[in-house]
Every structure is written in structure tokens, then in C-alpha cells.
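The values are calculated or read from the model by the stated rules, or taken from the named source; none is laboratory data. The shown structure was predicted, so the numbers you read here are calculated from the model rather than taken from an experiment. Using ideal geometry, Cβ is built from the backbone for each residue, glycine included, and neighbour counts are taken over all protein chains shown.
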Amino acid sequence: MKQWQKTLVNQNHTLLDTMKIIDDSSLQFAVVVDEEQHLLGTVTDGDIRRGILRGEGLDVTITSIMNSNPISARSGQNYHKYKQLMKSKMLKQLPIVDDNNKIINILFADNIETSLNKNTVVLMLGGLGTRLRPLTNDTPKPMLRVGNKPILETIIEGFKQYGYTNFIFSVNYKKEIIQDYFQNGEAFDVTIEYIEEDKKMGTAGALSLLKNRPTKPFFVMNGDLLTQINFDQLMQFHNEHNSIGTMCVREYEFQIPYGVIETSGADLKMIKEKPIHRSFINAGIYVLDPEVFDYIPENQFYDMPALFEQLIEQGKKTLAFPIHEYWLDIGQMDDYNRANDELKEF
């Protein structure tokens, strides 16, 4: 099977089916076709996440998510024209169709060396890890081992696979252990700088300590997370929407263990027995534009939710990026044990 054929999705496939095809092909793209392979639409990772945010279930047919007016090109044209079209429209993929709109090929933009990604990654590593004591009595939480390596090393590897190698570590508690292990990052094929918090600064407040502030959009991430998120997709999502701040969110559900009563005055209207509520929660991963530094107070405690609230109040463009990939916040002992149990899958 040719590479482009792996991206074909039948119109009756579900959103979940398409997510698996996109993940398995590693091409971040799918083409929706009918039984005779006529082009019906395209689906990107961004389309999927926007559908999830709208509340679409994983069992809906992909036609409710797809872009039904995709850019395509007729076969038989000069290859240079295809390249020009892709460049002018900033396309990473271009479906090629015949006169009957039947797909016969998909062109992919030349792979860009991921090692050229210059976006900075700021990792917040100063927490005390009190809920993981006694493990954190002598070891900072990011240095706890999951499998045979520290959590922080796994985080670095996750960014490296997408070419992000410029790191800034914000450290405080047991900082010498982190600095002695990673030093300047050379042994891990990355560059690492450090900012040292002498007091609790909060996720956003610590950014005010940066001496060399990023001039391009940059990542901020808590140092106690394990995830398989595609950081390229996150950065692309942020840039495509001209966002000043993008917050990764995770769907969380909980069940009320009682019957919930709805009333109108004294009249009983409805009883919902043990309903399940679903909400998006902050996943502790962000992409920020350098403009955010104008809103962060100097050398004060300032948390990331407070920064986003201020940006929203100021009418700035902020986004939610839903995570459907593996994600685990190692905040308590049960989470740490789960991380070790799930290591092979992760």
C-alpha cells in the first residue's frame, strides 16, 4: 500500500476510527472518500480537536467533522504548479483528483528538518511534591523515576522527537539534583538554561525571571506530566489561529452519587439519578506568544490561570487545545504507581 492510501477514510467511519488512522499513519491527515474513492472531504488533527470542543462524540460519522470543501488539484498538471499551490495556500498535503473527482494521489510537502525548531520549552520544576512524600523528601518530583529514568528525562525525549531542543528549567526545591543530572543538556543532545526561584512564583510568575525572553511562541509545561501529545500539532494549532495563549485541556468526568433534583419554585420537575458530568480541565501544557510578558507582573506570585483570565478580560485571542492522547498528572502516590504500571503502553 502506498503511503497516501493509508490516509483514506470511508465516509461511514467514526471520529474514533479516523483518529486511529491519523495516529497510525503519522501523517496528521486523512481524506474522506466514498466507496468509489471520490473525494468528499479532508480531516486534520485540528478539525478533530475542534469537533471535540463542540461536544461531538467519538461515535459520530467523520462527515460531521471533515472539511467538506478541501483544496485539491486536477491530475496532469506540472509538478511545479502543485508545489506553488501548496506554498501559496500553506498546505502540508494536496489531494490530486481526476476529472471525476476520484482521488488518485496525495502530495505531501517536503519534510522540514525538525531539528530546526527554535521554539523554547520552559519546564516548571520548582514544586515541593508534598503529596508524594516520603518519595520527595530527598528527591524533587520531576526526578522520580518512572521505569529506568526520571520523569523529566522522559518529558525531554517527548519534545526532542519533534525537534524541540531548547529548554529552560525553572527550579527551586532540591534544584541541585536536577542541575547535577542534566547540567547544560549536552549529554542529552539539548541545550538547558536555568532560572532559580528563591520563593514560590507560580507557573506564570516564574516567567518574569527569564533573562533572555523568547521572541517566538514558546511552550510552558509542568514537570510532573507524562503525555504522548504531538507538540508539532499543538504549535501549529496555536499559530494557525493567531492565539496569544493556548491552553491544553483534558476531558474529565465525574458521577454525582445521588439523585439530582430539578425544581421550579416548590414544584418538582425532574429527577436525574446519579448523573455523569463532563468538563474540560487544565492539562498543565501551554503555548504562549512573547506578548504575554506585558501582562506578567515582575517577581510576584502569578499562576497561569490568572494570566489567562487577564488575557480573556483584555479581549485577547486565547484557545483551548483538547488532548485525546495519553496524559497523566503525577500528583499523588496512586498516579505514580499507575505511571509505572502503564510504562510499556506509554
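None of GLU153, GLU193 is under 19 Å from the mean Cα position of the chain (by Cα) and in the same structural domain as GLY284 (by TED's automatic domain parsing) except GLU153. The residue list GLN332, GLN300, GLN314 contains one member that is of a type in the set (S, T, N, Q), under 26 Å from ARG145 (Cβ atoms) and exposed (fewer than 13 other Cβ atoms within 10 Å of the Cβ), which is GLN332.
Can we say ILE104 is part of a strand (DSSP E or B), assigned by TED's automatic domain parsing to the domain that holds GLU56 and touching a residue at least 12 places away in the same chain (Cβ under 8 Å)? Yes.
For beta carbons closer than 8 Å, sequence separation of 6+ or different chains, a first residue in the stretch 225-252 that is among the charged types (D, E, K, R) and a second that is part of a helix (DSSP H, G or I), the qualifying pairs are ASP232/THR114; GLU240/GLY46; GLU251/ILE52. Residues that are touching a strand residue (DSSP E or B) at 6+ places or on another chain (Cβ under 8 Å), assigned to a strand (DSSP E or B), at pLDDT below 90 and surrounded by 15 or more Cβ atoms within 10 Å (Cβ to Cβ) do occur in the stretch 31-46.
Being in contact (Cβ under 8 Å) with a residue 12 or more places away in the chain, within 23 Å of THR154 (Cα to Cα) and more than 25 Å from the chain's Cα centre (by Cα) is the requirement here; does LYS211 meet it? No: the conditions fail for LYS211. Each residue in the stretch 96-121 was checked for being of a type in the set (A, V, I, L, M), exposed (fewer than 15 other Cβ atoms within 10 Å of the Cβ) and at pLDDT 65 or above, and 2 of them qualify. Residues of the stretch 16-60 that are in contact (Cβ under 8 Å) with a residue 40 or more places away in the chain, closer than 18 Å to LEU94 by Cβ and among the small types (Gly, Ala, Ser): GLY46 alone.
In summary, GLN314 fulfils each of the numbered conditions (1) within 24 Å of LYS141 (Cα to Cα); (2) in contact with a helix residue (DSSP H, G or I) (Cβ under 8 Å, 6 or more places away or on another chain); (3) polar (S, T, N, Q) with the single exception of condition (1).
Contact map, the stretch 192-207: residues that are acidic (Asp, Glu) paired with residues that are assigned to a loop (DSSP other than H, G, I, E, B) and modelled with pLDDT under 85, Cβ distance under 7 Å, separation 6+ or inter-chain. Pairs shown: GLU197/GLY126.
Taking the conditions (1) at pLDDT below 85; (2) among the hydrophobic types (A, V, I, L, M, F, W, C); (3) surrounded by 12 or more Cβ atoms within 10 Å (Cβ to Cβ) in turn, ILE281 satisfies each one other than (3).
The set of residues from the stretch 240-253 being at pLDDT 70 or above and touching a strand residue (DSSP E or B) at 6+ places or on another chain (Cβ under 9 Å) comprises HIS241, SER243, ILE244, GLY245, THR246, MET247, CYS248, VAL249, ARG250, GLU251, TYR252. Can you find a residue that is in a helix (DSSP H, G or I) and without any contact (Cβ under 8 Å) to a residue 12 or more places away in the chain anywhere in the stretch 61-79? Within the stretch 61-79, one or more residues are in a helix (DSSP H, G or I) and without any contact (Cβ under 8 Å) to a residue 12 or more places away in the chain.
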